Amino acid sequence: MEKVKDNAFYQTRWRITRHASEQDYREGRVYADDEALRLFGMPQVTEIEGNLLLNEGIALAWDLIIGAGGTAFNNANAYIGVGDSTTAASASQTGLQASTNKLYRGMQASYPSRSNQTVTWRAQFGSSDANFAWNEFTVANGNSDAATNLNRVVSAQGTKTSGQTWTVDVAITLS
């Protein structure tokens with residue numbers, strides 16, 4: 001009898017998009033590289049490859065798959081969290097690690113969305129939201145660390161200041 005080998009592929013891509021103002025965001029303004037560096041200290045758009053699935057998120061995903069109940073990561077419940085902690089990601093964590101500088105924002109209309117084997121979440125952080133260093137990110141099914149967090153990544157993405165509007169997209173592909 002031939003032995004069958006199971007393989008699974010999991011890929012996460014985080015995308016942070018920066019705009020100097022709410023109006024620039026609404027108009028979809030694209031900045032020249034030198035202007036983005038002057039405004040944000042980094043490119044207008046950056047991407048982070050990968051993250052760590054958290055134990056609590058894995059357990060809930062299995063519960064949802066087998067119909068054992070739980071709160072889904074859907075438009076009504078999903079949030080993207082950002083914080084300023086640089087604590088390394090660990091599977092046993094249950095949320096953002098920042099003590100005070102952290103914020104969870106709900107989904108924009110029509111998110112999360114699925115295309116083939118990829119699910120994408122998107123949250124917008126307006127002019128008065130999350131004005132601190134962005135170093136950690138998570139997807140949760142509620143607006144605090146008390147919710148179940150699916151994943152966490154640590155990556156220095158600059159400091160958002162008052163007046164700016166930034167968005168975070170998280171795309172997870174399974175194959």
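The values are calculated or read from the model by the stated rules, or taken from the named source; none is laboratory data. None of the values given here were measured: they were computed from a predicted structure. Ideal geometry is used to build each Cβ from the backbone, glycine not excepted, and the neighbour counts take in all protein chains shown. Accessible surface areas use protein heavy atoms only, side chains included; no ligands, DNA or RNA. Shrake-Rupley method; radii C 1.70, N 1.55, O 1.52, S 1.80 Å.
If you check residue 110 against the conditions, is it at pLDDT 95 or above, open to solvent by 40 Å² or more (accessible area, probe 1.4 Å), at positive phi and not aromatic (Phe, Trp, Tyr)?
Spelling it out, residue 110 is indeed at pLDDT 95 or above, open to solvent by 40 Å² or more (accessible area, probe 1.4 Å), at positive phi and not aromatic (Phe, Trp, Tyr).
Among the residues examined, residue 157 does not qualify as at pLDDT 95 or above, out of contact with any Phe, Trp or Tyr (no Cβ under 6 Å at 6 or more places or on another chain), within 13 Å of residue 40 (Cβ to Cβ) and open to solvent by less than 30 Å² (accessible area, probe 1.4 Å). For first residues located in segment 6-35 and farther than 17 Å from residue 159 by Cβ and of a type in the set (D, E, K, R), partners that are outside any helix (DSSP H, G or I) and open to solvent by 60 Å² or more (accessible area, probe 1.4 Å) and lie 6+ apart or on another chain with Cβ distances below 8 Å form the pairs 13/47; 13/49; 15/47; 33/43.
Any residue in segment 126-139 that is surrounded by fewer than 21 Cβ atoms within 10 Å (Cβ to Cβ), in contact (Cβ under 8 Å) with a residue 40 or more places away in the chain and within 16 Å of residue 17 (Cβ to Cβ)? Working first, answer last.
Filtering segment 126-139 for residues surrounded by fewer than 21 Cβ atoms within 10 Å (Cβ to Cβ) gives 126-129, 131-133.
From what is left, the residues that are in contact (Cβ under 8 Å) with a residue 40 or more places away in the chain are 126-127, 132-133.
From what's left, within 16 Å of residue 17 (Cβ to Cβ): 126-127.
Yes - at least one qualifying residue is present in segment 126-139.
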